[in-house]
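The block underneath contains the structure these notes are about, expressed in structure tokens.
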Amino acid sequence: MGERIRALDWASTPLGPAASWPQSLRSAISILLPSKAQICMFWGPDFVKLYNDAYIPVLGNKHGSVLGRPGRDVWPEIWDVLGPLLKGVIDTGEAFHASDHPFYLFRHGFAEETYFDVSYDPVRDETGRVGGVFCIVTETTGRVLSERRLRTLRDLARVKESRSAEEACRLALPVLAASAQDVPFASLYLLDGDGKVAHCCGSVGVPSLTRSPTGTGAFGSGMMLRSRAGIVGSAGCDGVSLARFGSVARCRSFAASDAKRAGTGTPYTSSTACTKRCSGTMIGSMVNDSV
């Protein structure tokens, strides 16, 4: 990063030519560059971004294009959160610290749930005022997500205490509902005696079901899932025929082709149903795909 900083045309940035930088800024850069900790700095009224090599993984595919740019341009997706935090340090001269602070970053082509231990410290310039913010961060995303998902698995393990399949479904639903960050929606199904028809025992996070105006849905139940955007796929909350639905995951074209046959016309966001047959229980989830 030292080479990148020396090679950048700083005259074209809000910081201006490097020869005009105050000693306070130069000293702060000399501290962050050799450090093995993940460090970045925001300087000036535009919160111009500088960072070291250890910080590169935090940026993801933003690296290479954000050095010397205003913080608002570097992190537009979280600026409503990050901006006030940095401004608070500038205005008060007091450091900010947080553990496992959530940020939804767009650094790998999608909105990513991330967590960081952060320490934002004021850097004073030659006038005695706060000229920038020195940020030491440690990403904790892996630990936070693992601990949260392990708690869900631990709570689901208590379902084994149930005395029937129906009770198991009843006990599992509130656990799934409490884990919306990892299981946005799910439906639990039980097979009938001959294993050919699955009956819905309950759902969480699934849009309400309404009768399809076009007749039989993709699952052969005459029901269609609807959302604010319109029909998003078809499903039956009861009496799903396994002769057509199957007990293994179906390909993505399945829901798409059936939806188009249902008379929707142009392609739209569809829901592909995936199922897993386990001990006589059909566990279904829905995954949004563009078709």
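The values are calculated or read from the model by the stated rules, or taken from the named source; none is laboratory data. Note that this is a predicted model, so its numbers are computed, not measured. Glycine gets a Cβ as well: all are built from the backbone with ideal geometry, and neighbour counts include every protein chain shown.
A quick yes/no check of all residues on (1) among the hydroxyl-bearing types (S, T, Y); (2) closer than 21 Å to F47 by Cα:
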residue	(1), (2)
A98	no, yes
P102	no, yes
L105	no, yes
E112	no, no
F116	no, yes
D121	no, yes
D125	no, yes
V133	no, yes
T138	yes, yes
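Elements of the type helices (runs of 4 or more DSSP H) sitting completely within region 53-92 and holding at least 3 residues that are surrounded by 13 or more Cβ atoms within 10 Å (Cβ to Cβ) and among the charged types (D, E, K, R): there are none.
Residues checked against (1) loosely packed, with under 13 Cβ neighbours inside 10 Å; (2) touching a Gly at 6+ places or on another chain (Cβ under 9 Å); (3) assigned to a loop (DSSP other than H, G, I, E, B):
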{"residue": "H97", "(1), (2), (3)": "yes, no, no"}
{"residue": "E113", "(1), (2), (3)": "no, no, no"}
{"residue": "D117", "(1), (2), (3)": "no, no, no"}
{"residue": "R143", "(1), (2), (3)": "yes, no, no"}
{"residue": "S146", "(1), (2), (3)": "yes, no, no"}
{"residue": "C169", "(1), (2), (3)": "no, yes, no"}
{"residue": "L176", "(1), (2), (3)": "no, yes, no"}
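Within region 126-141, the set of residues being buried (at least 16 other Cβ atoms within 10 Å of the Cβ) and part of a loop (DSSP other than H, G, I, E, B) comprises T140 only. Look at A19 and say whether it is touching a strand residue (DSSP E or B) at 6+ places or on another chain (Cβ under 9 Å) and assigned to a helix (DSSP H, G or I). Here the answer is no, as A19 does not meet what is asked.
Based on this model, can you work out whether L15 counts as surrounded by 16 or more Cβ atoms within 10 Å (Cβ to Cβ), at pLDDT below 95 and out of contact with any Cys (no Cβ under 8 Å at 6 or more places or on another chain)? Here the answer is yes, as L15 does meet what is asked.
Scanning region 117-135 for residues that are among the aromatic types (F, W, Y) and either outside the structural domain of P22 (by TED's automatic domain parsing) or in contact (Cβ under 8 Å) with a residue 40 or more places away in the chain (or both) yields a count of 1. Only one entry in T140, T152 is in contact with a strand residue (DSSP E or B) (Cβ under 9 Å, 6 or more places away or on another chain), modelled with pLDDT of 90 or more and of a type outside the set (A, V, I, L, M, F, W, C), namely T140.
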